Amino acid sequence: MNGRTITNTCAIPSALFLLLVGIVHSIVNVTSLRRAIVRGDIAARLGDTVLFNAAFSGLFISLFGLVVVLLLPGLRAGSRQAGRVTTAIGIFVGLLGVAGYVRVPTKPSVLIFLFFGALLAAPILIWRGEFTNP
């Protein structure tokens with residue numbers, strides 16, 4: 001197996017993870033935040049803003065996954081630009097995982113973002129010599 005094949009094999013589960021987690025993030029957070037607003041844990045005047053942030057943060061996580069899915073043909077062809085964009089997304093997702101763990105070290109489950117970010121970026125960084133097409 002060459003580096004591009006390994007890269008694609010790693011990029012597909014990472015992209016699917018981002019797509020699914022973004023959807024689940026939006027659904028779960030909006031539902032739980034609505035209940036928190038009704039209980040009075042979150043002020044009603046801030047409710048719309050908090051719900052908007054929860055919904056769109058999940059949407060943007062899914063958007064990262066969609067971008068990686070759309071870049072898969074470029075990764076297969078060895079496009080350097082597709083590799084750079086995918087690497088940037090992987091590094092960003094990995095850093096989100098680290099930041100989440102630093103913020104809440106009692107919940108190591110956020111490190112799954114570090115895992116999938118590394119799974120997305122590391123193969124491209126290792127075999128970057130195989131990505132030569134513009």
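The numbers here are math on the coordinates, done by the rules we state, and not lab data. The structure displayed is predicted, hence computed values, not measured ones. FYI the Cβ positions are ideal-geometry reconstructions off the backbone, even for glycines, and counts take in every protein chain you see.
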Hydropathy first: keep DSSP H helices in the chain averaging at least -1.0 on Kyte-Doolittle, then drop any whose Cα extent along the axis falls short of 24 Å, and list what survives.
-> 3-39, 44-77, 80-103
Spin-label zone in the range 38-72 - amide nitrogen under 14 Å from a point set 7 Å from the Cα of Val30 along the C-beta vector | 48-62
Taking every eigenvalue of the Cα gyration tensor of the chain, multiplying by 5 and rooting it, what semi-axes result, largest first, whole Å?
-> 34, 15, 10
Can you give me the pair-distance distribution of the range 70-127, C-alpha pairs, 5 Å bins, whole percents?
-> 4, 23, 24, 19, 12, 9, 6, 3, 0
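Quick check: from the Cα gyration tensor, does the range 24-82 come out rounded (a/c under 1.5), prolate or oblate?
On the way: a/c = 7.48, a/b = 3.99, b/c = 1.88.
It comes out prolate by the Cα gyration axes.
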Around Gly3, with a cut-off of 12 angstrom between Cβ atoms, what is the net charge of the other residues, counting Lys and Arg +1 and Asp and Glu -1?
-> +2
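Using only helices, what value at 222 nm comes out for the chain when you add -39,500 (n - 2.57) per DSSP H run of length 4 or more and divide by the total residues, to the nearest 500 deg cm²/dmol? Can you show the working numbers first?
Details: 4 runs with 111 residues, N = 134.
My calculation for the chain gives -29500 deg cm²/dmol from helical runs alone.
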